[in-house]
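Notes follow the structure.
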Amino acid sequence: MIQFDHVNFSYTGEQPVLQDLSFHIREGEQVGLIGANGAGKSTLMKAVLGLVYPQQGRILADGIPVEPANLAQIRKSLGYVLQDSDQQMFMPTVLDDMIFGPVNYGLAKAEAVKKAEETLASLHIEHLKDRYNHRISGGEKRMAAIATILTMEPKVMLMDEPSSSLDPRNRRNLIRALKTIPVTKLIAAHDLDLILDTCTRVLLLSGGRIAADGPAEEILRDRKLLEDNGLELPLSIGGRSGQ
Amino acid sequence: MDQLAARSSMIHNMTPLSKLWIAVFYILVTVSFHKYDISGLFVMVLFPLLGYQLSYIPVLTCFHKLRVVMPLVCAVGLLNPFYDRQILLTVGTVGISAGVISMLTLMMKGVFCLMMSFLLVATTGITGICSALRQIRCPEVITTLLLLTYRYISLLLEEVSTMTTAYHLRAPGQKGIRMSAWGSFLGQLILRSMDRAQGLYESMMLRGFHGEFHSAAENKGPRAVSAAVSVICSICVLACRWYNIPALLNSLVMF
Ligand SMILES: Nc1ncnc2c1ncn2[C@@H]1O[C@H](COP(=O)(O)OP(=O)(O)OP(=O)(O)O)[C@@H](O)[C@H]1O
Ligand SMILES: [Mg+2]
């Protein structure tokens with residue numbers, strides 16, 4: 001579904017951000033992407049979407065090379081939750097934002113609205129439907145941004161820090177919703193418990209390289225590996241207790 | 001503005017196209033009044049006033065939101081009294097020159113047109129206006145440009161307010177922004193709003209944007225009614241232009 005072949009990327013041309021990255025995410029896999037601040041998680045996602053292009057190497061999304069000519073086709077099957085929800089929401093109301101994608105991809109407006117309402121219900125945020133995007137709290141905006149992407153029903157979901165600024169209940173609702181959606185997922189997060197709950201495989205990124213790639217249960221229990229790469233054990237596995 | 005446009009009233013429920021037509025027609029007719037025809041022009045204020053009443057938007061909102069533009073519009077005719085000194089009519093013993101009259105009509109035209117345009121935007125929303133423009137085969141480039149400009153302006157204003165807040169929180173007791181900080185402040189402002197604009201544009205593209213914004217809120221009013229209302233309004237506007245209503249009323253009373 002998503003394939004990286006020896007990908008190298010740098011914003012400035014000097015400092016490499018992604019270095020010789022190679023991995024393959026198969027259809028239906030739920031992959032967690034972890035790594036310290038600045039490890040290159042967001043950049044990796046942008047590369048999948050064709051928002052940045054690698055200087056070397058090749059990226060395939062849904063079997064199609066990520067190139068300017070294919071972008072429209074590729075993006076149709078990808079849903080991307082940005083790290084910064086402020087950049088995600090641009091319509092006046094939450095509902096307007098939610099139907100934006102589906103309607104652009106040819107769904108009738110009434111159907112899109114129905115779908116949006118279902119998504120809101122599944123995340124337990126029906127009350128946000130008619131709210132104005134510039135009048136809701138950070139966490140509410142986060143939930144709304146995730147809802148806009150879920151409404152598109154993408155084949156692959158890329159989520160950058162989905163649980164940041166969510167309260168415990170919303171976080172739980174989000175995890176529950178993610179678990180019921182069987183599509184391929186790539187989730188970047190510092191919330192390792194969320195990754196443990198929703199993902200089966202983990203990619204550990206460090207300085208733009210893959211430091212580890214394996215089953216979530218294994219990597220997230222490996223205290224030494226995590227600490228060597230600037231992370232800590234998930235709380236549910238006993239993180240911090242050994243300090 | 002978006003909030004005003006999302007309310008519900010008779011005017012809000014009309015189709016965007018008919019509202020656009022009425023507004024444009026009204027503006028054209030208002031501008032076409034003769035520069036000394038102050039009494040005839042005066043009647044034209046009734047249309048926007050009626051519009052504000054029917055859409056439950058206080059007229060004061062318009063003057064408040066446009067407080068920066070209004071004086072500029074009014075300033076346009078300010079020099080007329082100096083050029084056109086011929087006495088046109090006398091009130092008591094004071095002669096009023098043609099220049100003063102033409103200045104007043106010019107101001108009135110400006111203010112009326114602004115009131116009408118504001119009413120249009122406030123009851124239709126920018127997306128509605130653009131969809132109406134698309135209906136009359138306005139090129140997509142223009143409507144997209146209009147939509148994006150509108151979004152980016154609000155974004156820029158938002159950035160300004162966040163940055164000034166952040167500045168004042170760390171510079172308590174300071175009035176305004178210190179001269180020495182202006183350079184970096186403006187630079188940051190431009191970079192930040194460009195970044196955000198870029199980010200927003202990207203997230204639009206990621207969701208299949210191709211030049212149109214769709215609003216979930218539909219106009220519920222039937223098309224036929226909207227069309228009829230716009231025809232009636234047009235006729236009324238024309239009538240006000242052709243007949244000098246105050247003079248007509250006056251002659252009726254005299255009769
Ligand atoms: N637009 C940019 N121009 C130049 N360098 C950038 C840009 N965006 C990110 N970088 C650099 O690229 C590196 C990777 O950034 P990236 O945003 O991918 O990190 P991340 O893993 O998502 O971090 P975080 O956990 O903080 O979100 C960082 O060192 C960052 O400074
Ligand atoms: Mg990031």
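The values are calculated or read from the model by the stated rules, or taken from the named source; none is laboratory data. What you see is a predicted model; the values in this text were computed from it and never measured. Here the Cβ positions follow ideal geometry from the backbone for every residue, glycine too, while neighbour counts run over all protein chains shown. These accessible areas exclude ligands, DNA and RNA; they are computed on the full protein's heavy atoms, side chains included. Shrake-Rupley method; radii C 1.70, N 1.55, O 1.52, S 1.80 Å.
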Amide H contacts under 5 Å for B:S97, restricted to residues at least 5 apart in sequence or on another chain and with H modeled in the peptide plane, are B:L88
Listed by chain and number, the residues whose amide H is under 5 Å from that of A:M159, excluding neighbours fewer than 5 places away on the same chain and using placed H, are A:V81, A:L186, A:I187, A:A188
Accessible-area loss of at least 50 Å² (1.4 Å probe, chain alone to full protein assembly) applies in region A:97-115 to A:F100, A:N104, A:K109
With every protein chain in place, the residues of region A:58-75 shedding 30 Å² or more of accessible area versus the chain by itself (probe 1.4 Å) are A:R75
Averaged over the residues of A:83-95, the number of partner chain Cβ atoms within 10 Å of each residue's own Cβ comes to 6
Amide H proximity to A:S206 below 5 Å, modelled H, separation 5+ or other chain, gives A:A211
Counting lysine pairs in chain A that sit 8 or more positions apart or on different chains, with Cα atoms under 12 Å apart, gives 4
Restricted to the protein assembly as shown, the DSSP antiparallel beta bridge percent, nearest 5, is 60 percent
Carbon and sulfur atoms account, in whole percent of the 1.4 Å probe accessible area of region B:1-83, for 75 percent
Carbon/sulfur accessible area of region B:152-210, % of total, 1.4 Å probe, equals 67 percent
In the neighbourhood of A:S22 defined by beta carbon distances under 12 Å, the net charge of the other residues (Lys, Arg +1; Asp, Glu -1) is -1
Once normalised by the length of chain A, the mean sequence separation of its alpha carbon contacts under 8 Å that are 6 or more apart gives a contact order in percent of 25 percent
Applied in sequence order to region A:61-68, the curve 6.51 cos²θ - 1.76 cosθ + 1.60 (Karplus, θ = phi - 60°) yields integer Hz couplings, x standing for Gly and Pro, of 10, 6, x, 10, x, 7, 9, x
In Å², rounded to a whole number, the accessible area per residue of region A:55-164 with probe 1.4 Å is 38 Å²
For B:I235 and A:R223, extending 7 Å from Cα along the Cα-Cβ vector and measuring point to point gives, in nm, a value of 8.8 nm
Computed over region B:152-210, protein heavy atoms only, probe 1.4 angstrom, the accessible area per residue in square angstrom equals 64 Å²
For chain A, the percent of accessible surface on carbon and sulfur atoms (probe 1.4 angstrom, ligands and nucleic acids excluded) is 48 percent
Quick calc, chain A, dipole around Cα centre from Cβ unit charges on Lys, Arg (+) and Asp, Glu (-), nearest 20 debye, gives 360 debye
Here the percent of antiparallel bridges among DSSP beta bridges lying wholly in chain A, to the nearest 5, is 55 percent
With a 1.4 Å probe and ligands and nucleic acids left out, the total accessible area lost when A pairs with B, in Å² to the nearest 100, equals 2400 Å²
